[in-house]
Amino acid sequence: PQKTSFHRSQTLGYKNGYALPRLPTVGIGGERLYANQLSEAELDELASRRLTLTYGQAKRAPPSRFVPAHVALDKKILKFDAYFQEDVPLSTQEHYRVRQVVIYYYLEDDSMCVMEPVVKNSGLPQGKLVRRHRVPKNDRGDHYHWKDLNRGMNITMYGRTYRLVNCDPFTQVFLESQGIELNPPEEMVFDPYTEMCRMPKPKCITPSDFDKLKQFLTYDKQVLRFYAVWDDTDSTFGDNRSFVIHYYLVNDTVEVREVYKQNDGRDPFPVLIKRQRFPKTFMDKMKTFPSCVLEISDQEVLEWYAPKDFAVGKSTNLLGRAFFIYDCDEFTRNFYRDKFGITDLQPVEMKKKPLEEVPQVVPPYNGFGVPEDSLQNCFSLFPKPPKKDVIKMLENNNKVLQYQVALESPNPVDRTRRFILSYFLSDDTISIYEPPVRNSGIMGGKYLGRTRVPKPGSTPLNITYYEPSDLAIGSTIEVFGHRFVITGADGGVLRYVESNAERFPAATLQSLRDHFRPRQVLKEDANSDIPTAETSKKELDELLAQVQEELKLHKSLNNKNILEAFLQCDKDGSGILDKAEFAVLCDRLGVPTSTV
């Protein structure tokens, strides 16, 4: 009861940053500690020695933790070197083949796999021959176990017998630790055909004094460069093509590369002839040598192309192509100067041959559209419409020259037909109209649509069309195979020609004036007989009314027949008849007339 200190001593310490427990040195309140001065092992030993009657049977320590096989044997693999032999029935040089393999045995699941190292250019499917799995041992369902494997023994997997010749150190240690006595290792058997190929072939010829190794060490990375052209203009679609010829001094090979220009239209294949040796002179027996399917060797060639065969200003034939060398680079000039003593390697100026102008043949006009529009298809893949003179169209809008024409034909009926030819000044087009005549047997109307009419003798490349200056009174024009004679014109034609006399021939203007002169005389005579000052519009209307009343008294007269008869007699279309012709026509139609 007199105790006043109840603190406990520290039992946790730190060493190098780690927490470590320690036994207390003193008891509660600093009292002397008589117990727990022994270690845990000593205390356990003392506890086990206590009397069984007092404390009962001592407890045993728990067994160690169980570790499964796939954990204990993870990544532990037995490796055996082996080989197998297979027959080669279709070869005269080898009867069997020996193939070396590696057999892996995985201890974690008793699976096996067979791997064959890949040999370059062997021609055999190599790699994994047997995938990883439990390989059956016999027909009773047993599988191979690591106890069945040893050096110097044969194992059969899927009908193929493998000979185990050796193993790696881990496999040897593992099998010996399990009490298996290993056989002595055997030497690996190699393929006899492969060993024969590795042996140097005996040479039956005397070696030459030429040292290829010295050539390689001396001329490595040294290339002669020549600039050449190949004239292929004689063939179809041929051209002068530029090339660069490389001569590799290290092994006397030649390469031909093509020089491409921007937008030259050729496919990007820069190498015309790959790097190879070119034969210059063949043996006599080369005539029967199948060079198209077999490679040419030194036995078939008497002489190969050498640097002396290439010179500036000369042609060199390579595989049937004649290359003209016109220049070389500076290294090539120095090489020829030091090796052969040639200093005159001046470049040759190449002049391009002028291209022959091929005349463009224009096909005949097919009748679709206007000739100018159809002609654009011969000049471009994407034709454009022909340009129009807009200023001329605006200045001559609605300006039309009208002419009276007659058809020139051996048929007398066609010679009596009359037509109205209209010439449109805005676009130089012509249309022809035939006035209908009753009981003529010919249907009038549009004879020719508005179109431009070319002159006879025009070609598709040089088309000339009829112009107003070609339309004179009495002239003949040919419209698509039909000939028309101009017999008259209206007053607007004469006024237009007189106002633009500088653009018309004098003969055209004179023909129009001669045509209109009789009309002007008749008009003046009529004006002199009936003075315009005394004759008013009222008197003229009264005169017309009297004539109509007089005609109504004669009901037998047909006004339409009278009109057609007068139009037929007016051959020139002037609207004026002679007095004698008028009297004869009235008598024939029964129209009452008076001489007064």
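Where helices (runs of 4 or more DSSP H) fall entirely within segment 323-432, those with at least 2 residues that are outside the structural domain of SER499 (by the TED database) and touching a residue at least 12 places away in the same chain (Cβ under 8 Å) are at 330-339, 371-375.
For segment 105-142, filtering for residues that are under 20 Å from CYS167 (Cβ atoms) and of a type in the set (S, T, N, Q) leaves 1. On the stretch given as segment 298-310, residues that are closer than 15 Å to HIS246 by Cα and either free of Cβ contacts under 8 Å to residues at least 24 places away in the same chain or open to solvent by 30 Å² or more (accessible area, probe 1.4 Å) (or both) total 3. Is it the case, given these coordinates, that VAL400 is loosely packed, with under 14 Cβ neighbours inside 10 Å and over 53 Å from the mean Cα position of the chain (by Cα)? Against the criterion (loosely packed, with under 14 Cβ neighbours inside 10 Å and over 53 Å from the mean Cα position of the chain (by Cα)), VAL400 does not qualify. Remark: pairs (first residue in segment 125-146, within 13 Å of VAL114 (Cβ to Cβ); second residue in a loop (DSSP other than H, G, I, E, B) and of a type in the set (A, V, I, L, M); Cβ separation under 7 Å; 6+ apart in sequence or on different chains) = GLN126/VAL118; GLN126/VAL119; GLY127/VAL118; TYR144/VAL135.
Find the residue count for segment 433-458, including only residues that are in a loop (DSSP other than H, G, I, E, B) and either free of Cβ contacts under 8 Å to residues at least 40 places away in the same chain or assigned by the TED database to the domain that holds LYS571 (or both). Give the derivation first.
Let us first name the residues in segment 433-458 that are in a loop (DSSP other than H, G, I, E, B), namely 435-444, 452-453, 455-458.
Those left that are additionally either free of Cβ contacts under 8 Å to residues at least 40 places away in the same chain or assigned by the TED database to the domain that holds LYS571 (or both): 435-436, 440-444, 453, 455-458.
Result for segment 433-458: 12.
GLU255 meets all of the listed conditions (1) charged (D, E, K, R); (2) open to solvent by 70 Å² or more (accessible area, probe 1.4 Å); (3) under 19 Å from LYS221 (Cα atoms) but one, namely (2).
Per-residue answers, yes or no, for (1) open to solvent by less than 70 Å² (accessible area, probe 1.4 Å); (2) hydroxyl-bearing (Ser, Thr, Tyr); (3) in the same structural domain as ALA82 (by the TED database); (4) at pLDDT 90 or above:
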| residue | (1), (2), (3), (4) |
| --- | --- |
| ASP148 | yes, no, yes, yes |
| PRO185 | no, no, yes, yes |
| VAL189 | yes, no, yes, yes |
| PRO207 | no, no, no, no |
| ALA228 | yes, no, no, yes |
| ASP234 | no, no, no, no |
| ARG241 | yes, no, no, no |
| ILE245 | yes, no, no, yes |
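What are the residues in segment 443-477 that are among the aliphatic types (A, V, I, L, M) and exposed (fewer than 15 other Cβ atoms within 10 Å of the Cβ), if any? Give the steps one after another, and end with the answer.
Here is the first cut: in segment 443-477, the residues among the aliphatic types (A, V, I, L, M) are 443, 448, 453, 461, 463, 471-473, 477.
Hits for segment 443-477 are MET443, LEU461.
The residues in segment 480-495 that are among the aromatic types (Phe, Trp, Tyr) and at pLDDT below 90 can be counted, and the count is 1. Within segment 49-93, the set of residues being open to solvent by less than 50 Å² (accessible area, probe 1.4 Å), at pLDDT below 90 and of a type outside the set (A, V, I, L, M, F, W, C) comprises GLY56, PRO68, SER91.
To keep it simple, each residue is scored yes or no on (1) acidic (Asp, Glu); (2) open to solvent by less than 100 Å² (accessible area, probe 1.4 Å).
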{"residue": "VAL348", "(1), (2)": "no, yes"}
{"residue": "LYS352", "(1), (2)": "no, no"}
{"residue": "GLU372", "(1), (2)": "yes, yes"}
{"residue": "LEU381", "(1), (2)": "no, no"}
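Of the listed requirements (1) touching a strand residue (DSSP E or B) at 6+ places or on another chain (Cβ under 6 Å); (2) assigned to a strand (DSSP E or B); (3) assigned by the TED database to the domain that holds ARG134, THR156 misses just one: (1). Residues of segment 499-520 that are surrounded by 14 or more Cβ atoms within 10 Å (Cβ to Cβ) and assigned to a loop (DSSP other than H, G, I, E, B): PHE504 alone.
The values are calculated or read from the model by the stated rules, or taken from the named source; none is laboratory data. Just so it is clear, the model here is predicted, and its values are computed rather than measured. Don't worry about glycine lacking a Cβ; one is built from the backbone with ideal geometry, like all the others, and counts go over all protein chains shown. What goes into the accessible areas is simple: the full protein's heavy atoms, side chains included, and nothing from ligands, DNA or RNA. Shrake-Rupley method; radii C 1.70, N 1.55, O 1.52, S 1.80 Å.
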